[in-house]
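Written out below as structure tokens is the structure these notes cover.
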Amino acid sequence: MALLYKADPVRGEHWRRLFAEHAPDIEWRAWPDIGDPRDIQYLAAWQAPDELETLLPNLQVLFALSAGVDQLDLGRLPTTLPVVRLLDPGISQGMCEYASFAVLSLHRDMLRYRQQQAERCWQAHRLVPAHQRRVGVMGLGLQARQILATLKTFGFALSGWARSEHRLDGVACFAGDKQLPAFLGQCDIVLCVLPLTEQTRGILDRQLFQQLPKGAALVNMGRGGHLVEADLLEALADGQLSAAVLDVLEQEPAAPEHPFWHHPQILLTPHIAAMTQPESAFGVLLENIRRHQRGESMLGLVDRERSY
């Protein structure tokens with residue numbers, strides 16, 4: 001029995017050592033040195049290789065080394081192959097840290113102060129108390145709920161929106177297309193942590209921005225495909241939005257001429273909100289392998305119809 005790893009080779013070495021120490025019964029192989037493909041039952045990957053059925057005829061599970069699976073073309077994978085996303089507690093911690101940094105930066109007007117520093121301008125601006133700052137999160141899955149719990153400690157007025165109904169203590173919850181305008185209309189800062197699906201692609205567009213209070217701010221830490229970039233530039237130019245913190249783009253890395261690089265109202269980071277850490281993720285992956293071996297249901301099993 002073997003597991004094939006297909007992702008960053010540096011972190012792969014950490015994974016290899018953890019398997020050697022804690023699961024020596026599972027042979028570790030790293031792409032592209034797959035050895036005899038008939039031995040491979042498990043694939044741990046960021047992106048799957050082409051012609052998976054032919055390449056790995058005895059593959060039983062594909063473990064995505066990420067919390068989301070939109071980087072995988074599920075339509076090209078064997079329909080009977082279970083796909084499992086990685087519920088790494090380290091990812092959740094990183095997402096909460098990034099969300100706190102982004103919201104606090106917008107709440108305390110740090111993009112404006114950064115620009116003032118470049119202009120050698122020493123000027124203070126009115127401080128809005130946290131309880132008067134309305135922060136909304138789009139998406140109410142595990143990551144979003146943990147983000148909301150973290151932001152709650154700062155005293156923000158919190159709300160959340162998802163396609164299905166949720167109830168969260170201390171969070172005003174909205175659901176479905178009918179309640180989206182009401183949710184947006186009371187968000188001073190809105191965070192997108194939605195999964196990327198056909199229904200959510202391009203959701204951050206001109207129409208959505210117009211439903212936010214004038215001068216609201218955006219944080220996108222979901223996927224680049226959620227954002228219509230031209231619409232964001234337009235909303236910033238006409239004052240509908242005041243600022244944006246973006247961790248993801250449609251095309252990564254951004255081209256040298258991309259307008260986001262030097263935009264004074266945009267803080268751009270290179271998809272670093274959270275990263276899979278072998279030390280925290282290993283136990284989750286190994287537990288799922290053991291569950292599969294025992295014939296039990298695996299945690300994070302992807303619903304093909306919902307794409308998450």
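The values are calculated or read from the model by the stated rules, or taken from the named source; none is laboratory data. Model, not experiment: these values are computed from the prediction. Don't worry about glycine lacking a Cβ; one is built from the backbone with ideal geometry, like all the others, and counts go over all protein chains shown.
Which one of the conditions (1) surrounded by 20 or more Cβ atoms within 10 Å (Cβ to Cβ); (2) farther than 30 Å from GLN47 by Cα does VAL128 fail to meet, given that it meets all the rest?
(1)
Which pairs do you get when a residue that is assigned by TED's automatic domain parsing to the domain that holds ALA64 and farther than 12 Å from PHE282 by Cβ, found in segment 19-43, comes within reach of a residue that is of a type in the set (Asp, Glu) and exposed (fewer than 15 other Cβ atoms within 10 Å of the Cβ), reach meaning Cβ atoms under 9 angstrom, with the pair 6+ apart or on two chains?
ALA30/GLU13
Give the number of residues within segment 276-298 that are touching a helix residue (DSSP H, G or I) at 6+ places or on another chain (Cβ under 9 Å) and surrounded by 14 or more Cβ atoms within 10 Å (Cβ to Cβ).
Of the residues in that region, 10 qualify.
In the set GLY202, GLY224, which member is more than 19 Å from LEU104 (Cα to Cα) and under 14 Å from the mean Cα position of the chain (by Cα)?
Testing whether each residue is more than 19 Å from LEU104 (Cα to Cα) and under 14 Å from the mean Cα position of the chain (by Cα) leaves just GLY224.
Got a number for residues in segment 241-264 being in contact (Cβ under 8 Å) with a residue 12 or more places away in the chain and surrounded by fewer than 19 Cβ atoms within 10 Å (Cβ to Cβ)?
Residues in segment 241-264 being in contact (Cβ under 8 Å) with a residue 12 or more places away in the chain and surrounded by fewer than 19 Cβ atoms within 10 Å (Cβ to Cβ): 9 in total.
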